Amino acid sequence: MNAPLKPSPLLQVQGVTLQYRTEKHLVTATYRVSFDVYGADRFVLLGPSGCGKSTLLKAIGGYMAPTEGSMRLKGEPIRSPGADRIFVFQEFDQLLPWKTVKQNVVFALESSGKMRGRQADDQAMRYIEKVNLTKFANSYPHTLSGGMKQRVAIARGLAMEPDVLLMDEPFAALDALTRRKMQEELLQLWEDTHFTVLFVTHSIPEAVMIGNRILLLSPHPGQVKGELNSDGSDPTDPASGKTLSERIHATLFADRVEEEVAPHG
Amino acid sequence: MSDVVASADFGVVQRPLTFWQRLMAQSWLRKTVILLVIVVAWESYARHLNNPLLVLTFSATLVSFKDGMVSGDLLQKVINSVVLLLKGYGLGLALAMIFTAVAMLSRIGNDLLETLTSAFNPLPAIALLPLALIWFGLGDISIIFVVVHSVLWAVALNTHSGFRSVSNTLRMVGRNYGLTGPRFIAKILIPAAFPSIVTGLKIGWAFAWRTLIAAELVFGVSSGKGGLGWYIYESKSMLDIPAVFAGLFAVILIGLIVESLIFRNIEAITVRRWGMQN
């Protein structure tokens, strides 16, 4: 699948440089990164640790301002966190432990002022059903497994029907079997509603499987190394005889002797 | 499939615990046993000593306590103390809430709270009583003032440190769904910091109770009524030792009741139900 040729992108990131302060240093996380995300894209930011991909996602979420460049959602500059960009984090504690599964979703809908009362309840149950957790709607998060918690977080994000879902290595803390299952479920959900998702990962197989477009970032600071399309099948390139994963690997680690990132999945 | 052991071959898959095992899993029961052991030790030592002016037996204490409650003398003192305590505790909690909210909303507020708690938390509330007497005179207000002082800093300190330990992820989730300012505090920080807040409430309560009794001991009669502390002091002056023991017994009893009925239940329906405390 090629990127759809729409006149204007949903999310436009242009020449974004991100810097943050630690106790002793000013760190440049990304340097002049640009990309466009279109509606219904499964856009993957892929790179090794230290390429600033999570920082980039935070900036798009509105949690930090770029020192240079611009980020626009539907043409409007991104200034602060908002319910049009919903985060799904890696950490399991993103669910409010004092609320049940259903209350967690309703909380999101009501706090953001999107829906109230019955309408919010119905919307919550509809999306909880989509992630097959109807039976657990009234359970508290601490009684759920890690994979189920992430499904609740995804249901909560999707129920908000945001312009773009921002997923920050959502399956990285899961065991390999569960991770695989969650990846498949995410794709099924996408088949269902065609939401736009920006997905951060450091796993090449995950990127190839999840994304229809993959942005490769180099580390320290993050810079764009290339952009690839993927149909999820990891095809072999007839010219070079290499699979997509192998080409990604070669691009990311071209200037390195050692291979420090083992493939996941 | 062939390697799977038939379920009948397992020793135990799941079986109910024995009556004794279930009984011993009840913490209230274990604690009651501890209390009973203490009571027996007390009773036998007091009988052995046989000097009711020094150590009264437990049974005699109970009788004296019952007499005091029935005659209404001790009961009235208990009510006076508890009313005063609730006023001071409530006011202290309200102030602590305001202080911590201000501390969470601005950096200068944060600095203010940290400075004030480190200055005042180590200061024994009772040490302020002489000053309070000069400022507010001989009355309830002086006692409430020192009780408020004893509650405020302990609760504010715990709540504040609870707020600060709320995970960054949870904060980002709150802001993601549009929560800012007071709504953010009410809907994210307070529930997320609830384990620390409950601890603060418990510590604050204990501080308030002991400060109140001490204040009443030092300066008992407020507007002619007097509370438990005064009852103990007065009884001692008249060498009414059974009444002294009955008064102390009432202090401990109220402490136990508040802890086991009120705080335990608050924890059961909140932090333990949410899996935030075991």
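Return one quarter of the surface area of the convex hull spanned by the alpha-carbon atoms of segment A:179-219, equal to its mean projected area, in nm².
3.0 nm²
In Å, what Rg and Dmax follow from the Cα atoms of segment B:11-50?
17.2, 58
Whole-Å semi-axes of chain B's equivalent ellipsoid, largest first, each the root of 5 times a Cα gyration tensor eigenvalue?
Result for chain B: semi-axes of 40, 35, 13 Å.
Using Cα centres only, tell me the gap between segment B:226-255 and segment A:122-195 in whole Å.
61 Å
Among the trypsin sites (Lys or Arg not before Pro) within segment A:180-248, which fall in a DSSP loop and have no more than 15 other Cβ atoms within 10 Å of their own Cβ?
Of the trypsin sites (Lys or Arg not before Pro), the ones in loops of segment A:180-248 whose Cβ has at most 15 other Cβ atoms within 10 Å are A:Lys242.
Only loop residues by DSSP count here, and only those with at most 15 other Cβ atoms within 10 Å; note down the trypsin sites (Lys or Arg not before Pro) in segment B:195-278 that meet that.
When the trypsin sites (Lys or Arg not before Pro) of segment B:195-278 are filtered for loop state and at most 15 Cβ neighbours within 10 Å, B:Arg272, B:Arg273 remain.
If you restrict to DSSP beta bridges whose two residues both lie in the protein assembly as shown, what percentage is antiparallel, to the nearest 5?
55 percent
So what's the gap between the Cα centers of segment B:49-78 and segment A:17-52, to the nearest angstrom?
Segment B:49-78 and segment A:17-52 have Cα centres separated by 73 Å.
Report the gain in length on full extension from A:Glu76 to A:Ser49: 0.36 nm times residue separation, minus Cα-Cα distance, nm rounded to one decimal.
Extra length available between A:Glu76 and A:Ser49 comes to 6.7 nm.
With θ set to phi - 60° and the Karplus curve 6.51 cos²θ - 1.76 cosθ + 1.60, what are the ³J(HN,Hα) couplings of segment A:58-69 in order, to the nearest whole Hz, using x for Gly and Pro?
Working through the residues one at a time gives 4, 5, 5, x, x, 7, 8, 9, x, 7, 8, x Hz.
At a 10 Å Cβ-Cβ cut-off, how would you order A:Thr196, A:Thr251, fewest neighbours first?
Sorted ascending by nearby Cβ count, the order is A:Thr251, A:Thr196.
For A:Lys114, go through the lysines and keep the ones whose alpha-carbon is under 24 Å away, minus same-chain ones fewer than eight residues off.
Counting by Cα, and skipping residues close in sequence, A:Lys114 has these lysines nearby: A:Lys58, A:Lys74, A:Lys99, A:Lys102, A:Lys130, A:Lys149, B:Lys187.
Neighbour counts of other C-beta atoms within 10 Å: give me B:Leu217, B:Leu112 arranged from fewest to most.
Ascending number of Cβ neighbours within 10 Å: B:Leu112, B:Leu217.
Taking amide hydrogens as modeled 1.01 Å from N in the peptide plane, which residues meet the under 5 Å criterion relative to A:Lys225, leaving out close sequence neighbours?
So A:Lys225 has HN proximity to A:Leu216, A:Leu217, A:Ser218.
List B:Thr270, B:Thr159, A:Thr67, B:Thr18 from most exposed to least, where exposure is judged by having the fewest other Cβ atoms within 10 Å.
B:Thr18, A:Thr67, B:Thr270, B:Thr159
Could you give the spread of the C-alpha atoms of chain A along their three principal axes, from largest to smallest, in whole angstroms?
Sorted largest first, the three principal extents are 55, 43, 38 Å.
Can you list the equivalent-ellipsoid semi-axes of the protein assembly as shown, largest first and in whole Å, using the square root of 5 times each Cα gyration tensor eigenvalue?
Equivalent ellipsoid semi-axes, largest first: 61, 30, 20 Å.
Across the Cα atoms of segment A:1-111, what radius of gyration and what greatest pairwise Cα-Cα distance (Dmax) are found, in Å?
According to the Cα coordinates of segment A:1-111, Rg and Dmax are 16.0, 45 Å.
Across chain A, where is the longest run that never hits GluC sites (Glu not before Pro) in a DSSP loop with at most 16 other C-beta atoms within 10 Å?
A:24-257
For B:Ile79 and B:Trp28 in the same chain, what is the full-extension length gain: residue separation times 0.36 nm, less their Cα-Cα distance, in nm?
Once the chain is fully extended between B:Ile79 and B:Trp28, it gains 15.7 nm.
Taking the simple approach of a point 7 Å from Cα along Cα-to-Cβ for both A:Ala172 and B:Ala268, what is their distance in nm?
Calculated label separation equals 4.2 nm.
Subtracting the Cα-Cα distance from 0.36 nm times the residue separation, let me have the gained length for A:His194 to A:Glu23 in nm, one decimal.
57.3 nm
Rule-based calculations on the coordinates, nothing more; no lab input. All figures in this text were calculated on a predicted structure; none of them were measured in a lab. All Cβ positions, even for glycine, are placed from backbone atoms using ideal geometry, and neighbour counts span all protein chains on display.
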